[in-house]
Amino acid sequence: MGMTDKVKYTDAIKAELHRLFETYIHTCLFHMKKTFKNSIPVVDICLVVSLCKLLEAMYASAKNEVKNHEQLFVFCAVWALGAGFGEKDNINYRKQFSNWWKDKFKTVKFGTGSVFEYYVDLDNAQLREWKNLDAGDIHNKIDTAKRISSFTVPTSDTIANSYLSEKFISVKHSPMLVGLAGCGKTQIIKGMLDNITSGPEPAFLQQIINFNFYTDSELLQIQLESQLEKRGGRSFGPKGKATLVYFIDDLNMPGPDKYETQSAIALVRQHKDYEHWYDRTKCGTFKEIKNTMYIAAMNPTAGSFFINDRLQRHFWQSCISFPEQPNLNTIYSAFLNKHFANRFKPQVVDLIQPIIKTTLAAQDQIVANFRKTA
């Protein structure tokens with residue numbers, strides 16, 4: 001996977017896309033603002049830019065001429081406009097968005113599930129479930145001698161967010177996964193980054209940066225420059241021709257200073273806006289930073305809750321919920337089956353599913369009967 005070339009649209013495609021924007025977008029934005037709540041604040045232009053970027057990535061990845069432009073547009077619109085919805089104030093706004101979309105727009109037919117359970121198969125012009133994209137055998141990849149966090153078990157949620165994040169990265173648009181602690185957003189990003197940075201000559205490199213309350217712009221700039229080298233003049237970039245992807249975890253964690261400014265976030269915003277930051281050793285000069293981009297994760301109930309709107313507008317947001325029972329069963333089964341295989345008698349291996357089922361049932365009872373402490 002690498003950066004996509006600039007897509008050239010024919011006049012017919014331009015006319016069709018213009019019609020689709022007129023048909024869907026104004027109605028969607030008006031209803032969303034009136035009815036639903038995003039997990040984090042987001043402006044309309046950010047949603048529209050994300051839609052345009054996803055369309056660009058999908059058209060660029062099509063091996064043949066796209067057969068159904070409206071089907072592709074609907075897929076991109078659902079994920080660009082609705083991915084930021086989740087459960088808030090005990091209301092599942094993503095489910096409400098899905099129900100509203102299926103009731104309002106009838107041209108493109110979805111199955112019985114949520115609109116977020118499907119992707120568009122460009123070759124066959126069909127909407128198919130995300131699980132059909134799982135082409136790997138995770139059982140053979142798992143090494144029980146390593147940490148569990150070293151592996152990402154493919155479920156519908158991990159497949160969907162990894163796929164879409166890769167598409168946005170291919171057009172240099174930054175993804176951001178938003179969710180509560182422990183929902184798996186960091187693991188999804190790490191698994192996706194490991195995938196795109198593997199191989200003998202990868203098109204991407206990665207650097208993981210964890211924010212905390214004490215992270216400031218000076219510390220962050222040192223970290224950001226650690227994998228850059230001077231190219232000539234004021235230009236800096238990563239080694240070779242690869243693009244360096246900065247993964248910033250807990251983006252909203254830095255504490256504000258006495259002027260209510262989060263200097264680390266301000267530095268990222270400056271880089272996103274102008275592709276440079278200032279040289280701290282030479283007053284008044286700046287460094288042009290090339291071939292880099294960002295991907296982020298944050299918990300909207302921790303730290304400063306949200307980030308500056310001027311930085312937020314550069315990201316596509318996707319809300320990650322806690323895995324549901326079928327996905328949890330898939331994850332635990334993958335690790336336990338690998339651990340018990342060839343080590344224990346069949347009678348012991350047969351107990352894996354009852355153990356998982358009982359544990360998940362106990363977890364549900366604990367959540368239902370014990371109140372949160374914070």
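Tell me, yes or no, whether the stretch 60-74 has at least one residue that is touching a Phe, Trp or Tyr at 6+ places or on another chain (Cβ under 6 Å) and basic (Lys, Arg).
no
Condition first: over 23 Å from LYS190 (Cβ atoms) and among the polar types (S, T, N, Q). Can you find one or more residues in the stretch 290-306 that meet it?
yes
Given the criteria of a type in the set (Phe, Trp, Tyr) and exposed (fewer than 14 other Cβ atoms within 10 Å of the Cβ), does PHE30 qualify?
Against the criterion (of a type in the set (Phe, Trp, Tyr) and exposed (fewer than 14 other Cβ atoms within 10 Å of the Cβ)), PHE30 qualifies.
Would you point out the residue of the stretch 180-232, among those that are of a type in the set (Gly, Ala, Ser) and over 30 Å from ASP89 (Cβ atoms), that is surrounded by the fewest Cβ atoms within 10 Å (Cβ to Cβ)?
Taking the candidates together, the pick is GLY232.
What number of residues within the stretch 345-374 satisfy the criterion of being in a loop (DSSP other than H, G, I, E, B) and either of a type in the set (A, V, I, L, M) or modelled with pLDDT under 85 (or both)?
Total satisfying the criteria: 6.
Based on what the data block shows, is LYS104 modelled with pLDDT of 95 or more, within 24 Å of ASP194 (Cα to Cα), in the same structural domain as CYS28 (by TED's automatic domain parsing) and touching a His at 6+ places or on another chain (Cβ under 9 Å)?
no
Return the residue satisfying two criteria in turn: it lies in the stretch 113-143 and is at pLDDT below 85 and not in a helix (DSSP H, G or I), and of such residues it is surrounded by the most Cβ atoms within 10 Å (Cβ to Cβ).
Across the stretch 113-143, the extreme among qualifying residues is ILE142.
Is it fair to say VAL43 is of a type in the set (Val, Ile, Thr), out of contact with any strand residue (DSSP E or B) (no Cβ under 6 Å at 6 or more places or on another chain) and surrounded by 15 or more Cβ atoms within 10 Å (Cβ to Cβ)?
For VAL43, the condition - of a type in the set (Val, Ile, Thr), out of contact with any strand residue (DSSP E or B) (no Cβ under 6 Å at 6 or more places or on another chain) and surrounded by 15 or more Cβ atoms within 10 Å (Cβ to Cβ) - is not met.
The values are calculated or read from the model by the stated rules, or taken from the named source; none is laboratory data. Just so it is clear, the structure is predicted and the values come from calculations on it, not from any experiment. Reconstructed Cβ throughout: ideal geometry from the backbone, glycine too, with neighbour counts over all protein chains shown.
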